[in-house]
1. Of all residues in the stretch B:181-201, which are more than 9 Å from chain A (Cβ to nearest Cβ), open to solvent by less than 10 Å² (accessible area, probe 1.4 Å) and more than 14 Å from the chain's Cα centre (by Cα)?
2. So which of B:Ser53, B:Ser46 ends up being among the polar types (S, T, N, Q) and open to solvent by 40 Å² or more (accessible area, probe 1.4 Å)?
3. For the stretch B:76-85, give me each residue that is under 26 Å from the mean Cα position of the chain (by Cα) and farther than 13 Å from A:Arg12 by Cα.
4. I want to confirm something. Restricting to the stretch A:320-371 and keeping residues that are crowded, with 21+ Cβ neighbours inside 10 Å and not in a helix (DSSP H, G or I), which single residue is nearest to the chain's Cα centre (by Cα)?
5. Go through the stretch B:74-92 residue by residue and tally those that are facing another protein chain (nearest Cβ under 7 Å) and of a type in the set (S, T, N, Q).
6. Within the stretch A:299-310, is even one residue more than 11 Å from every other protein chain (Cβ to nearest Cβ), outside any helix (DSSP H, G or I) and either without any contact (Cβ under 8 Å) to a residue 24 or more places away in the chain or at positive phi (or both)?
7. Restricting to the stretch B:139-149, name every residue that is in a helix (DSSP H, G or I) and open to solvent by 10 Å² or more (accessible area, probe 1.4 Å).
8. Can you give me the number of residues within the stretch B:1-26 that are in a helix (DSSP H, G or I) and closer than 13 Å to B:Asp230 by Cβ?
Amino acid sequence: MPTLRPTLHLDRLGSVIAGLIGLALVASPFVTYRANRIVSGEGRLLFDALPPAGAVGTILVVIGVALCAALAHRPLVRLAAASLGLCVIFPAVGVSAGFVTPVGNTFARVSPAIGFWLLALAFALLAADALTRLRLGPWGRLAALSIAAGMLALLLLSGAWSDLSLMKEYANRAESFWREGRQHLWLAFGSMGAACLVGLPLGLASHRVPALRAALLQGLSIVQTIPSIALFGILIAPLGYLAANVPLAAALGIRGIGAAPAFIALFLYSLLPVVANTMAGLSQVPADVTEAARGMGLSRRQRLVQIELPLAFPVILAGIRIVLVQNLGLATIAALIGGGGFGTFVFQGIGQTAIDLVLLGALPTVALSFAAAIILDAIIDLTRRGGHDRD
Amino acid sequence: MSTRAVTFRAAALLLLVVFVTRPQLFAFAFVPLTANNAPAIYNQGSLLALTLSHVRIVFLATLASTILAVALAIFVTRPAGREFLPLSRSLVNIGQTFPPIAVLAIAVPLVGFGEKPTFIALFLYGLLPIFENTLAGLTEVSPRTLEAARGMGMNAWQRLWQVELPLALPVILAGIRLSVIISLGTATIGSTVAAKGLGEVIIAGLQSNNVAFILQGGLVVALLAVLIHDGLGLAERAAARRLGRPLDEIA
């Protein structure tokens, strides 16, 4: 037991993280300076990237976190150290952007470099490990997520990052950023909603009719196998035909290229998890429970609404979690066929080899999927727990 | 497997092979989709070569991720790596919320256009399902089985090779299958960063507004993915059967 040893005991994982921090500090540039948006840049080590006092302070904090990672064992201490580290380097990279950019130069771009990303990775690993060991309940995880989201919002709204290239890209296209964001959410959530409307009855029907089950699951799993852009491509042909020949379809905004094939593809991908989990949830309701409900004189409909669906709910939610995380990611590809969404910036960025533009599209997508996964996992835990309390 | 299932698979495979080697035979079906005398069949490269390089990059990336992911999963389930187990579990969960396209897009500015960013994205993203499943397979081996193996005088190495890995094999294979399917899709998107692959056909169609290209690209990729998925599924079932387990135990 490490706690019984009075002497220093190195934590293996912590030592790896400390090594990562050391590598970031000594050997990797903290920010990259470029004369304009597209040319390749030069790296600046942390010491040259900040005003001297700030640089010394940041380096001391970073070294302190590394020592904590290697030597401290209590998860709370490690979490505190990791959070302190993150709270220092995130604003620091913003300050550094202002410091490195020559006064009055509006073409120069400063981006976080490998050293910053390594530090962020190391601190995030330390925090993730501490949070895992703390075994937070669902409310605790939601609270941790809200704190992280709040800090991020503070960072973005305070303007601390406004000199960074990423935020300059955002400032140049703030309006389209929010428009594509709304489109992204509409694609992901809209197709999920449609899949629930269709998938829940389908799951219920195939729970009741075994003959339907095998055929439906097999068909849907074939759809799931088809890569997204191939499915978009396959849908473009019939939708284009529909738009050209059915005036109503064209009036509804259905076109071969655009949001319609993306929406339909996401909907098709979403069906399998919803149907399969509805079926799995319903089939794990114990037979004696439904038997008892029948004995109490509940009708078939009452049994379904009051007994079976509530008991199957956590499993159905688990299917919805899969769908949501999957859709938020896949909606990025919609941009390739003119469907909009954050992918627009990713593909524009690839085209212009502008990494900050890529990040402008990729980071919100990752943040959304990450938050969706944590929130839905917490809700699933809460509904499971609620079910047990009633037992 | 019923005769019908065998015939169906053989027919699908034959269709794919004939399509990529002799696409002109199918031109009649795609002509109605073109406008202004645009070509009905992809003419900027051979479909066969694109298919082969598509499969090649997926195979190489999956091979690399399988080796690393299985090694890592073995490491974190040994006494020496226990401290890394909780974190690696959460990392896999977090990692899967990253869309593969984000990994691909971020790799481009770092390593340039071409095969490299695609390989990196396929490799990194492919690690997750294999690692997760290997971990699940290894941790689900019952302690009693391991105790029995120890009682028979097996050392740690023998227990791993002769007991744990064979028992975990069907689950590991399921992870590899998932990883291959994701990679086939990501490799298709890889064509946006100039990797040679079937995505080229779809993208060329999107750029020249030629629905025939888009459709045939989509169909070839889809057929390829479905066949590979199915073939790996057969391998999984064979591995499960060797252990004498019913099919539904492998999820």
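The values are calculated or read from the model by the stated rules, or taken from the named source; none is laboratory data. Here the structure is a predicted model, which is why all the values come from computation and not from measurement. Neighbour counts run over all protein chains shown; Cβ positions are idealised from the backbone, glycine included. Areas reflect the complete protein model, heavy atoms only, side chains present, ligands, DNA and RNA absent. Shrake-Rupley method; radii C 1.70, N 1.55, O 1.52, S 1.80 Å.
1. B:Gly190, B:Ala195, B:Gly197
2. None of the other options fit; the residue is B:Ser46.
3. Scanning the stretch B:76-85 gives a single hit, B:Thr77.
4. Filtering the stretch A:320-371 for residues that are crowded, with 21+ Cβ neighbours inside 10 Å and not in a helix (DSSP H, G or I), the one nearest to the chain's Cα centre (by Cα) comes out as A:Phe342.
5. Residues meeting the conditions: 1.
6. yes
7. Passing the criteria: B:Thr139, B:Pro143, B:Arg144, B:Thr145, B:Leu146, B:Glu147, B:Ala148.
8. The total comes to 9.
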